[in-house]
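Before any comments, here is the structure.
Each reported figure results from applying straightforward, stated rules to the coordinates on display, with no laboratory input. Here the structure is a predicted model, which means the values were calculated and not measured. Virtual Cβ from ideal backbone geometry, glycine too; neighbours counted across all protein chains shown.
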Amino acid sequence: MLSLLIISACSKPLVIPEQSKISQSSPAPAKSDTSASSAGGQTTTPAPGTATPPTPVGTARRYQFSVPIEFNNMHNVTISGDSINGRGVPCIKLMNCSNIHVTKCILLNSTDVGVFIWNCSGVTIDSCYISKVASGVFAIGCSNGAINITSNEFKNMTGPYPKGACVQFSNVSGSNSSVSYNRCENISGESFPEDGISMYKSNGEAGSPIMITGNWIRGGGPSTTGSGITLGDHGGSYQVAENNIIVNSGYIGMQVAGGSNIQIINNAITSSAFAWSHLGLGCGNYSGLPSSDITISGNKVNWTAGKLSDQLKGSLSIEKDASFQAGTVMPNGWSTNILNAQIDASILPAAIITR
């Protein structure tokens, strides 16, 4: 799935202090954690719900106010400590760039995306706070990999569909890419999200899958197509989602929607009943392309469906933990998932965003 609220900028003048804000450097973007083997192989991972907590962004620093930043064909640059109101454009737009590090920035209030990445490689976005934007980070057409989104806080994505993801990869391929240890929260009535994290037509490599690890995602709806995490959307390959915690994420908790060599392993997924909540853990092939070597194992699921079509005999809600599409092959490890697990919304702290 691919997956308008505007707040006026601070009254201080928006300036670009070139020396303090943007520096030429040679940052080394964080490589993805490839401790998991390629999809379909054996993995050694912690128990679900015990992943290392994402690092808080915090507020104990000073920020420089900046107008939106657009780079084309720039290389070896760090953007640090900026506070940007995007309004009608991306807060940061990167095109044809390499070795870019965006760190410790505040990106706010755009009817477009927080960070737009096109045809880039070696981009790391970490320790940023991104809020009230249509989508948080959108990476598209990046064929040389090394796109890493780590330890950021995303709050209240405003969509609407096809936007609305905290992080979406579209046609991203190559090695050393990851979406890890982020905190994502969408508050009902203040947001209109689609997916928390979406992998659309994206491909890792056998020895270096796209890693989606240790993220905390809470809140979703009222979309009846959104999810906490979707892998293999319209195909894709070599993607691993492990040790994530998903709470009340909308229509679906986590799902594989197609593709090959894809794993969903050792995650914790739970939801109370909402008018849009449907299924905790799902698998199918909706891409129209071949799909094989899907592993869904060791996940803890306790999901209550409140969607009208799921209600049975007048009950207000039913438990609907897991399902895979009729006519598809049962995913590897399916019987190891723990359904009706003893988990609920308290699996996450009351406050997961530090700002």
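7 Å from Cα along Cα→Cβ at both Leu339 and Trp118: what's the point-to-point distance in nm?
So the label points at Leu339 and Trp118 sit 4.5 nm apart.
Summing Lys, Arg as +1 and Asp, Glu as -1, what charge do residues with Cβ under 11 Å from the Cβ of Asp195 carry, Asp195 excluded? Kindly include the intermediate steps, with their values, before the conclusion.
Values: positive: Lys163; negative: Glu194, Asp233.
Result for the neighbourhood of Asp195: -1.
For the stretch 59-183, what does the alpha-carbon gyration tensor say about shape, rounded, prolate or oblate, given a ≥ b ≥ c as the root eigenvalues, a/c under 1.5 as rounded, and a/b over b/c as prolate? Intermediate values should be presented prior to the final figure.
Working: a/c = 1.41, a/b = 1.20, b/c = 1.18.
Rounded, because the longest to shortest axis ratio a/c is under 1.5.
Can you give the charge dipole size of the stretch 22-347 about its Cα centre, rounded to the nearest 20 debye, using +1 on the beta carbon of Lys and Arg and -1 on the beta carbon of Asp and Glu?
Values: 16 positive and 18 negative charges, 92 e Å.
About 440 debye.
Could you tell me whether the stretch 145-242 comes out rounded, prolate or oblate from its Cα gyration tensor? Rule is a ≥ b ≥ c as square roots of the eigenvalues, rounded for a/c under 1.5, then prolate if a/b exceeds b/c, otherwise oblate.
Numbers: a/c = 2.43, a/b = 1.66, b/c = 1.46.
Prolate is the answer for the stretch 145-242, as a/c is 1.5 or above and a/b outweighs b/c.
For the stretch 217-233, in order, what is each residue's ³J(HN,Hα) by Karplus, 6.51 cos²θ - 1.76 cosθ + 1.60 with θ = phi - 60°, in whole Hz (x at glycine and Pro)?
Per residue, the Karplus-derived 3J(HN,Hα) values read 10, 9, x, x, x, x, 4, 9, 10, x, 9, x, 9, 10, 10, x, 5 Hz.
Karplus couplings for the stretch 323-328 from phi (6.51 cos²θ - 1.76 cosθ + 1.60, θ = phi - 60°), rounded to Hz, Gly and Pro as x?
After applying 6.51 cos²θ - 1.76 cosθ + 1.60, I find 7, 10, 4, 4, x, 9 Hz.
How would the stretch 116-186 be classified by its alpha-carbon gyration tensor: rounded, prolate or oblate, with rounded meaning a/c under 1.5 and the a/b versus b/c comparison settling the rest?
On the way: a/c = 2.47, a/b = 1.43, b/c = 1.72.
Taking the square roots of the gyration eigenvalues as a ≥ b ≥ c, the stretch 116-186 is oblate.
Order the peptides 196-207, 250-261, 83-94 from the highest to the lowest mean number of other Cβ atoms within 10 Å of their residues. All intermediate terms of the calculation are to be shown ahead of the outcome.
Numbers: 196-207: 24.6, 250-261: 27.7, 83-94: 21.8.
With the highest mean Cβ count within 10 Å placed first, the list reads 250-261, 196-207, 83-94.
Of Lys163/Lys300; Lys300/Lys320; Lys104/Lys163, which ones are farther than 21 Å apart at the Cα?
Values: Lys163/Lys300 28 Å; Lys300/Lys320 13 Å; Lys104/Lys163 24 Å.
Distance filter (> 21 Å) returns Lys163/Lys300; Lys104/Lys163.
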